1. Do you know which residues across the range 92-108 are open to solvent by less than 60 Å² (accessible area, probe 1.4 Å) and assigned to a helix (DSSP H, G or I)?
2. Restricting attention to the range 186-200, which residues are surrounded by fewer than 15 Cβ atoms within 10 Å (Cβ to Cβ) and either under 15 Å from G117 (Cβ atoms) or out of contact with any helix residue (DSSP H, G or I) (no Cβ under 9 Å at 6 or more places or on another chain) (or both)?
3. Is it fair to say V203 is surrounded by 13 or more Cβ atoms within 10 Å (Cβ to Cβ), among the aliphatic types (A, V, I, L, M), over 29 Å from G78 (Cα atoms) and touching a helix residue (DSSP H, G or I) at 6+ places or on another chain (Cβ under 9 Å)?
4. For the range 109-140, give me the residue count where each residue is under 18 Å from V55 (Cβ atoms), hydrophobic (A, V, I, L, M, F, W, C) and either exposed (fewer than 15 other Cβ atoms within 10 Å of the Cβ) or touching a His at 6+ places or on another chain (Cβ under 8 Å) (or both).
Amino acid sequence: MMTETNQANAKSPTRKALIAMAIGAVVGFVTMFAVSSFLSDGWIGEFDKSTKAAVLVGAFYVVMGLGVALGALKPKVGARILNVEDEEELMEQRGMLLHSCYAASLWGVGLVVAALGGENGVIPAATALIIAGILIALGSYFAWQSYRASDELMAAVNSDAMTIGYCLTFAVVGGWALLEHLGLAAGQDPIDVITMFYILSMVATFVATGRRGLLKPR
């Protein structure tokens, strides 16, 4: 009987991880389809691939922020879909998680506004600059509040993510710029550079989280 109980408990985290992955895949596909359809159908204008990619990445930031915020505000739901031990852990980390979610969502909307602004966009350049600047600044404020509310482990993860993000940015953006300078690669569109910052920051966060063992099913 004890062996069966242990086996059931061992399977539970894996099953929860698989369910979370399935939900994430569905939400990601729906987000990508909705954004691509909205921009491709010409409802608000015609956009190039760089703008579409930036809007898509921004939308993912918003969806990610809202999803985790839902889990933090509704611990019973969050304990089922997020990689946490139980509801109590979510309640203990609620302040840190919510501030982080606010930051991600604001940054995401800021990227969308920036991508849709400019000479060929649908938002006047000055307006886009002001709105995106305010949103990114507010996001940075909430990110700082999230860091202040972090425990020792999460503070270490944030520190690792910043270091990894710096290295990735230097390697990818700097490497691309070097190849462009040497005539070995196509030029970078400015919005592509901004989008890469967002993508590399997300990758760095996942790498740092994984290094600390926080991606293991729990």
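1. The answer is G95, M96, L97, L98, H99, S100, C101, A103, A104, S105, L106, G108.
2. The answer is P190, and nothing else.
3. The answer is no for V203.
4. 2
The values are calculated or read from the model by the stated rules, or taken from the named source; none is laboratory data. Quick caveat, the model's predicted, so the values are computed rather than measured. Cβ coordinates were reconstructed from backbone atoms using ideal geometry, including for glycine residues, and neighbour counts include every protein chain displayed. Ligands, DNA and RNA are excluded from the accessible area calculation, which covers all protein heavy atoms including side chains. Shrake-Rupley method; radii C 1.70, N 1.55, O 1.52, S 1.80 Å.
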